[in-house]
Every structure is written in C-alpha cells, then in structure tokens.
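Presented below is the structure to which this report refers.
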C-alpha cells in the first residue's frame, strides 16, 4: 500500500489560513488502511481544526467527506457539488489523490493534509515499513523475494557492504535489518545460494523515475 | 451535540463506575456540571469521543480506567491512556492546553479518591 502520515498541524493550519468554508476529503484505500487519511482521520482532523480555529473571529465551516479511491475520477465526481461550495479543499489522500482532485477540479484550491511516504506494508500494529521503490524492473526473483534496491540503504545489487554487522544495517542498526543478510538467509533456506555467484550488472534506471514521469498503456483496454 | 459542561468523565464501568456507585451509596452526588459516561472498558474510549466532547464545549475530559494489570479486558486501560496521550499531543500541536484531557487510573475501592479529585477540579 501507499503509506502516508498527517502533516504537522501548524503546516495544515497555515495552508488554510483565511479560509472560511473548507472541505476535508479522505480516501478509503491505502491511506485508510495505514490509518492516515480515511473517514475516521477526516473526522479527527476536522474536529481538531474546529477546535483550533474556534479562537478566530470569523466562523469556519468544515465539510467532511471520504471517497473510495481519490486517485480515480469516477469516485470523486460526487464531490463536485461540495467543492463548488467551499473556498478550499484539504485532501487526506496520497499525492496521487491530491493531484487527481487538482486535475479534475481545475478551479478548486487543493491542499495536501498528508505527507506521502512510501510503498510498504504493516510489519506490526502501528509500524509500516518500505518494501518497494517502484523501479519498473523487478529483481525480486533473483534475490529470494527480498528487494536489495529498497531494503538495502545503499541499494546495492552486489552486497553486502562493510556496514553489515550482526544482521543489522549501519545506517540505523536499531530499526534496519541488513537486506543482504536477509537475502543470504533466504537463499540458503531455498537452496539457491549459487545465485550469489552471479555478478549483477549496473541497473538500468531508465525504467524508474530517473527516466522521467512514467506511464503505462494497455492497448487491449482502449478503443 | 451541546455540552455546556465543565467536565466530561469517560469511565470504565468496572473500576470508575464501581467507585462512583460506592460514592453514591453514601448519599453523594456528582456536581451538576459534570457529565459521567460509563463505558464497558477503558479500551472503548476513542480519540474522537474526546475531541467531539471538547468541540461540543466541555472544558475538560477525564478518562478513568483500571490500574495496569487490573483490566478485565487485559489491555483496555493501556489503550485508554495511549489515546489520552495522543489527544494531548494533538491539543499541544494546535495551541490548546493538553491538561484539558486527563487520564487517571482508579480501582472500585477508590470512592474517597474520586470524591477528592472531583472537589479539586
């Protein structure tokens, strides 16, 4: 899923300064699952904003909505009436959802309420960790299902480096396992250690964002 | 929701609720500007309950739950305290006093303590 966290309240409050009618819109997909931007978080943020703005002389009206997937225009279409009533929209979606609203409603002022962080998964209650950088050329099949690009702090394809100690990464030993220790252990378990004799060539990063913004076209889905 | 109340108490019925019952058995009553809500467990307190109460005009919110190790639902009291701390941090972020939300551990035998807390408030 896409993992995100709420921006500091001071930043959110600064972005909506002077706004008297506001729409807070959540998204019920990734950011709801990581408890950052679903309907519950919309209600909590809206309540916090009302409390914070109570001291202002002018009253602030806050509408609360949440859509199934803010990154798809079909789900956002029912927001049109509410968006027309407000001075600004605070989106609690990931950056994709925020941009979808901005593209779909070109006259609306859209502010992000979240910082989009990474593609990851929950490791334990309250802990999410990065698992995929979206490089566009998946290598997981060669590394026992553990991504050296994402999980190695140096994205080494021929690791480990000298900073691996007792299975931990020197960058943050408390929280980070050494991806190359994980790869070795997993390949050993699978009886595939011979894979490590192969020298990985330099990665072609053109399939990643380094080649510019990416798009995918499926001609079989187009008329 | 209107809540022109000084204090909202969100109370675990198994500890705080019993302490209040013991206090009331002695003829004491809650001050009129205190709203008391018994919950099945401290763990059922939600951050939104607290925020909505403040939004509706409550000056303070207390969350009363069992001492650590005494929760019949095992960890409901710890979750209650966590949620109070979360709201306190949020209030701090928006420039409101975190002391408006208070967590207190209590047991069924603490009617006298409960009375003292209410008098101090």
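For chain A, give me the percentage of DSSP beta bridges that are antiparallel, rounded to the nearest 5 percent.
Bridges in chain A that DSSP calls antiparallel: roughly 50 percent.
By count of other Cβ within 10 Å, fewest leading, how are A:209, B:49 ordered?
A:209, B:49
Let me have the 222 nm mean residue ellipticity of the protein assembly as shown computed from DSSP H runs of 4+ only, each contributing -39500 (n - 2.57), with the sum over all residues rounded to the nearest 500.
Roughly -9000 deg cm²/dmol at 222 nm, from the helical runs in the protein assembly as shown.
To the nearest 10 degrees, how steep is helix A:179-190 against the longest Cα principal axis of chain A, on a 0 to 90 scale?
60
Could you tell me which of rounded, prolate or oblate describes chain B, using a ≥ b ≥ c as the square roots of the eigenvalues of the alpha-carbon gyration tensor, with rounded for a/c under 1.5 and, failing that, prolate when a/b is larger than b/c and oblate otherwise?
oblate
So for segment A:2-118, what percent of the C-alpha to C-alpha distances run longer than 17 Å?
Everything past 17 Å amounts to 48 percent.
Cα axis of helix A:95-104 to longest principal axis of chain A: angle in degrees, 0 to 90, nearest 10?
Between the helix axis and the principal axis of chain A, the angle is about 40 degrees.
Gap in Å between the Cα centre of segment B:104-118 and the Cα centre of segment A:149-197?
54
What's the center-to-center distance, using Cα atoms, between segment A:133-148 and segment A:99-125 in Å?
Their Cα centres are 25 Å away from one another.
What does the C-alpha gyration tensor say about the overall shape of the protein assembly as shown? Classify as rounded when a/c is under 1.5, otherwise prolate if a/b is larger than b/c, or oblate.
Oblate, since a/c reaches 1.5 and b/c is not below a/b.
Expressed as an acute angle from 0 to 90° and rounded to the nearest 10, what is the orientation of the C-alpha long axis of helix A:39-53 relative to the principal long axis of chain A?
Long axis of A:39-53 versus the principal axis of chain A: about 50 degrees.
Readers should treat all values here as calculations from the given coordinates under stated rules, not as data from a laboratory. From a predicted model like this one, the values you see are computed outputs, not experimental measurements. Every residue, glycine among them, receives a Cβ derived from its backbone with ideal geometry; neighbour counts consider all protein chains shown.
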